[in-house]
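Following: one structure in structure tokens, then a few remarks.
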Amino acid sequence: QLKVMDEKEIKRLEELDKKYFLHPTSSLKQHQEKGPKFIFTEGNGVYLKDVHGDQYIDALASLWNVNIGHGRKELGEVASQQMGKLAYSSAFNNLSHEPVIRLSEKLASLTPGDLNVFFYTSGGSESNDTAFKLVRHYWKLKGLPEKKKIIGLERGYHGVTVAASSATAIRQFQEMAPGKAPDFLHAVPHKTNCELGDKNDPDYARSLRGIIEREGAETIAAVIMEPVQGAGGIHIAPEGYFEAVRQLCDEYGILMIADEVICGFGRTGQMFGVDNWNVVPDVMSMAKGITSGYIQLGAVGITERLRDDLANVSNDVLFHGFTYSGHPTACAVALKNIDILEKENLVEHTKQMESVLAKGFNYLEEKHSIVAKSRAKGLLGAFELLADRENGIQFSPDKTVAPLLVEQCFKRKLIVRPVTYGGTNIIAMSPPLVMTKEEIETMIAIFDEAIKAVKKTIL
Ligand code: PLP
């Protein structure tokens with residue numbers, strides 16, 4: 001193996017990291033004890049290389065975002081050209097520039113229905129915050145200021161700003177000050193029968209329909225949901241669910257927000273997650289795959305109807321905008337990223353790879369009795385580790401089996417993520433969409449070995 005950095009310099013970087021860097025969503029205690037887990041230096045396709053010259057399969061596409069894979073020099077070239085020409089200019093007060101106009105036209109051609117109007121942010125949390133503000137503003141302008149509640153789903157993840165973490169239903173993210181903002185509620189996920197009106201279901205009161213009936217539609221602005229729940233553990237809605245939610249929203253005059261931050265731009269084998277069910281939301285949040293993580297960008301799509309209503313009722317300024325709303329360089333990179341997705345047929349490839357991933361998971365389930373409930377939508381997949389698969393019994397909380405397995409995967413140069421909220425032991429993956437059949441098979445072979453090693457320690 002090629003050493004890319006000498007040991008002394010690596011130690012120094014580790015010490016500096018410990019001393020000066022506060023890591024996001026990380027154990028600070030572990031960081032102070034052990035320093036950074038990896039220091040990466042380069043990426044290529046599905047691979048990341050660290051300071052020791054070791055190469056890892058990045059089976060999470062870093063943070064579910066490097067859709068076109070690492071090391072695409074073309075994106076750097078486009079960024080360099082745009083920076084040389086017009087690195088930045090504002091879009092406030094109706095100022096504009098070429099990349100933002102061209103990207104908006106492109107997005108309009110890709111998003112379903114009349115979701116043809118776009119607002120820009122720097123990431124997913126800002127996109128969701130923007131979505132919440134826009135829908136509340138909309139109802140206020142319509143003379144219905146009481147319509148302000150937002151209903152998300154349990155296990156949903158929507159980001160970490162105050163509003164986005166309030167829509168998030170993973171307790172740990174809400175416990176950090178300042179806690180949960182008012183007017184955010186959470187419904188039991190994926191209960192199609194309840195959303196269709198089955199009052200005999202014991203979960204009815206906790207369903208979207210049950211909550212809307214209890215709270216009154218006149219108090220509810222919107223529902224928000226991920227087409228496939230990601231950070232909550234890769235949960236795929238049953239067929240008919242999104243259609244039922246769309247119908248419910250129409251019935252009660254409530255707006256539907258699809259959080260496409262992970263699912264957008266090919267992840268599920270369709271350009272957008274909602275395309276799997278041909279459902280058109282009123283608002284769509286995007287980020288991550290829009291630039292494959294090469295530069296920060298998020299977007300919020302709204303329907304032309306919504307924009308026209310906003311424009312017709314109000315002569316006022318839309319008092320919402322970030323300095324980097326519609327950043328020219330980020331927009332230029334997004335356009336090139338989408339161009340690559342299309343030219344290389346990566347959405348179709350992702351669709352094809354779903355069955356390869358599913359086959360690999362089946363193999364693991366056949367070989368290991370602790371592997372259960374595997375699922376895949378495009379290249380978004382997961383399996384669970386259960387103490388007793390036949391009876392669906394979880395491991396006891398003192399056995400953190402998913403983190404153990406992830407450690408064993410790291411040792412074998414595979415990066416995946418454990419999801420342990422609510423006592424689960426889920427292994428989540430979301431590799432770059434360029435992952436080949438052979439690379440999926442290598443990943444499954446590594447899981448096989450890593451699971452054997454874990455079984456030795458826990459059984
Ligand atoms: N929404 C979803 C579905 C996400 O998965 C994420 C991030 O993982 C976000 C929103 C927040 O995006 P960001 O981290 O860019 O603020």
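Every read-out reported here was derived from the displayed coordinates using simple, explicitly stated rules and does not represent laboratory data. Worth saying up front: this structure is predicted, and the values here are computed from it rather than measured. Here Cβ is always computed from backbone atoms with ideal geometry, including for glycine, and neighbour counts include all displayed protein chains.
Relative to the Cα centre, the charge distribution of the chain, modelled as +1 at Lys and Arg Cβ and -1 at Asp and Glu Cβ, gives a dipole magnitude of about 1000 debye.
Using the average count of surrounding beta-carbon atoms within 10 Å as a protection proxy, the listed peptides 45-56, 316-327 rank, highest first, as 45-56, 316-327. Legend: helices of the chain (whole DSSP H runs) are marked when their alpha-carbon atoms reach 30 angstrom or more along the helix axis and their mean Kyte-Doolittle hydropathy is at least -1.0; marked are 346-367, 437-458. Relative contact order for segment 16-165: 11 percent, from Cα pairs under 8 Å spaced at least 6 residues apart, divided by residue count. Relative contact order of segment 131-190: 32 percent, from C-alpha pairs under 8 Å at least 6 residues apart in sequence. Using a Förster distance of 30 Å, how high is the FRET efficiency between Ser109 and Glu74, based on the Cβ-Cβ distance and rounded to 0.05? The pair Ser109/Glu74 has a calculated efficiency of 0.90.
Placing +1 on the Cβ of each Lys and Arg and -1 on the Cβ of each Asp and Glu in the chain, which of Val162, Trp277, Val401 has its Cα farthest towards the positive end of the resulting dipole? Ranked along the dipole, the leading option is Val401. Most tightly packed first, judged by the mean number of other beta-carbon atoms within 10 Å of their residues, the peptides 107-114, 76-83 read 107-114, 76-83.
Each of Gly124, Gln81, Ile257 was placed along the dipole of segment 73-343 (beta-carbon charges, centred on the mean Cα), and the one lying farthest toward the positive end is Gln81.
Here segment 411-439 is scanned for amide nitrogen atoms under 20 Å from the site 7 Å beyond the Cα of Ile393 along Cα-to-Cβ, giving 422-426.
Normalised by the number of residues in the chain, the average gap of Cα pairs under 8 Å and 6 or more apart makes the relative contact order 19 percent. For segment 333-382, the square roots of the Cα gyration tensor eigenvalues, ordered a ≥ b ≥ c, give a/c of at least 1.5 with a/b greater than b/c, which places it in the prolate category. Extending 7 Å from Cα along the Cβ direction at Asn315 and again at Lys140 yields two label points whose distance is 1.9 nm.
Using Cβ point charges alone (K and R +1, D and E -1), the dipole size of segment 73-343 about the Cα centre works out to roughly 560 debye. When the trypsin sites (Lys or Arg not before Pro) in segment 197-285 are filtered for DSSP coil states and for at most 14 other beta-carbon atoms within 10 Å of their beta-carbon, the remaining sites are Lys199.
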